[in-house]
Amino acid sequence: MRGYASAGSGAAAGSRGEAGGKPSGGHGTSKSGPGKAAPGLHLVATPIGNLGDISARAVATLAGVDLIACEDTRVTGKLLVLLGIKATLTPYHEHNAERARPALLARLRGGGAVALASDAGTPLLSDPGYRLVRACLAENIPVTSVPGPSALLPALQLSGLPCDRFLFAGFLPAKSGARRKSLGELAAAPATLVFYESPRRLADSLADMAATLGPREAAVARELTKLHEEVRRGPLAELAAHYAGSGPPRGEVTVVVGPPGAPAPPDAGEIDAMLARALTAHGVREAAAQVAAATGLSRRALYARALALRGGGNR
């Protein structure tokens, strides 16, 4: 059960009871009045830990929709109690989505306002909802995002790794062979990699990352925005050894892995071979320009070397 921390205190608060009674299959009474949310599907981001991260718009939307579809009605119910909101809840998760989606779509076709919320964070990021959004778009049902918290961006910010280009890969496969295959497909991506991971698989996943991706810098972020927030940074192999020894950590885990390092510059022999190949079809100046473009080396230095290889002849 995910706990929510009160704003500014980090202390767990609230109860685990349902808000507004038992989960409903979507037959609650429609709301009306100035607080009523617009018809359509509202994707509502909810706090990943600290209740103070909920936005005013998210509160208004959750209070104004006819129905809230959520992964776990107990978790969302606890959040609503803390916010003082009474609402009708219905479960929508990976195990019941195929059965639950038709009822949600029928409600939306009838002009209902439905919110989709994950247990915590932003819906659709490694949470159910993608197919519901696609179905709504196919039927021209309005879809609105109410943006807000997500573990992805805070982990990236706190990692100390490059943030200008990143690739979010969600959860890796549970088994090592499939996990290494997935990592191999990502190894050459010129970007920081971000993963969600189960605490109990963390050490094994880090070991597979070290074996597949090489000696990259990484960070493991857990319990983000909560009292015991922690970000541990270091090489992948070092992090794998730490968690293998300390055991699975508590809380939600996000792993951030630095991009691949720049390839080693070619040595003198490789440069001569590249220039020799270029010189078979081009003059010295063009050959030097081509090798400079391929390697990032100085065109002037390459021109001098190409001239020497050519024996001072045709330029």
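Just to confirm my numbers, what's the Cα centroid distance between the range 165-236 and the range 105-128 in Å? Rounded to whole Å, the Cα centres lie 28 Å apart. Here the ratio of the Cα radius of gyration of the range 152-257 to 2.2 N^0.38 Å is 0.96. Once the Cα atoms are used to define both axes, helix 236-246 deviates from the longest principal axis of the chain by about 40 degrees.
If you count the DSSP beta bridges with both ends in the chain, what percent of them are antiparallel, to the nearest 5?
On the way: 18 of 38 bridges.
Among the beta bridges of the chain, antiparallel pairing accounts for roughly 45 percent.
Using just its DSSP H runs of length 4 or more, each adding -39500 (n - 2.57), the chain gives a mean residue ellipticity at 222 nm of -11500 deg cm²/dmol after division by all residues.
Each other residue within a Cβ distance under 15 Å of ALA138 adds +1 if Lys or Arg and -1 if Asp or Glu, for a net charge of +3. Here the simple spin-label model places points 7 Å from the Cα toward Cβ, and for ALA301 and SER145 these points are separated by 4.5 nm.
Can you work out the FRET efficiency for the pair ARG109 and PHE171, with r the C-beta to C-beta distance and R0 = 30 Å, to the nearest 0.05? Efficiency for this residue pair is about 0.40.
Just subtract the alpha-carbon distance of ALA293 and SER55 from 0.36 nm times their residue separation and send over the number in nm, one decimal. Length gained, ALA293 through SER55: 80.8 nm.
Between SER246 and ALA38, the modelled label-to-label distance comes to 4.6 nm, taking each label 7 Å out from Cα in the direction of the beta carbon. Count charges around ALA237 for me, please; just the other residues with Cβ under 12 Å from its Cβ, Lys/Arg as +1, Asp/Glu as -1. Its environment carries a net charge of -2. The HN-Hα couplings worked out from phi for the range 275-288 by the Karplus form 6.51 cos²θ - 1.76 cosθ + 1.60 (θ = phi - 60°) are 5, 4, 5, 5, 6, 5, 10, 9, x, 4, 4, 5, 4, 5 Hz, whole numbers, x standing for Gly and Pro.
Decide, for the range 268-310, between rounded, prolate and oblate: order the square roots of the alpha carbon gyration tensor eigenvalues as a ≥ b ≥ c, take rounded if a/c falls under 1.5, and otherwise choose prolate if a/b is larger than b/c, else oblate. Note, shape of the range 268-310 comes out rounded. Panel order for PHE171, PHE166, PHE195, by other beta carbons found within 10 Å of each beta carbon, from fewest to most: PHE171, PHE166, PHE195.
The THR280 and ARG233 beta-carbon pair, evaluated with R₀ = 51 Å, returns a calculated FRET efficiency of approximately 0.55. Does anyone have the angle between helix 176-186 and the longest principal axis of the chain? Alpha-carbon axes, 0 to 90°, nearest 10? For helix 176-186, the angle is close to 60 degrees.
Taking every DSSP beta bridge that has both ends in the range 40-146, the antiparallel portion is near 5%. Between LEU167 and THR192, LEU193, VAL194, the built amide H atoms are under 5 Å apart, and every one of these is 5 or more places off in sequence or on another chain. Put in order of Cβ neighbour count within 10 Å, fewest first, the listed residues HIS228, HIS282 become HIS228, HIS282.
Pairwise inverse Cα distances across the chain, averaged and inverted, put the Kirkwood hydrodynamic radius at 22.8 Å. As a length-normalised measure over Cα pairs under 8 Å and 6 or more apart, the relative contact order of the chain settles at 15 percent.
Where a number appears in this text, it was derived from the coordinates with a stated rule and is not lab data. Note that this is a predicted model, so its numbers are computed, not measured. Heads up, the Cβs are rebuilt from the backbone with ideal geometry, glycines too, and the neighbour counts pull from every protein chain shown.
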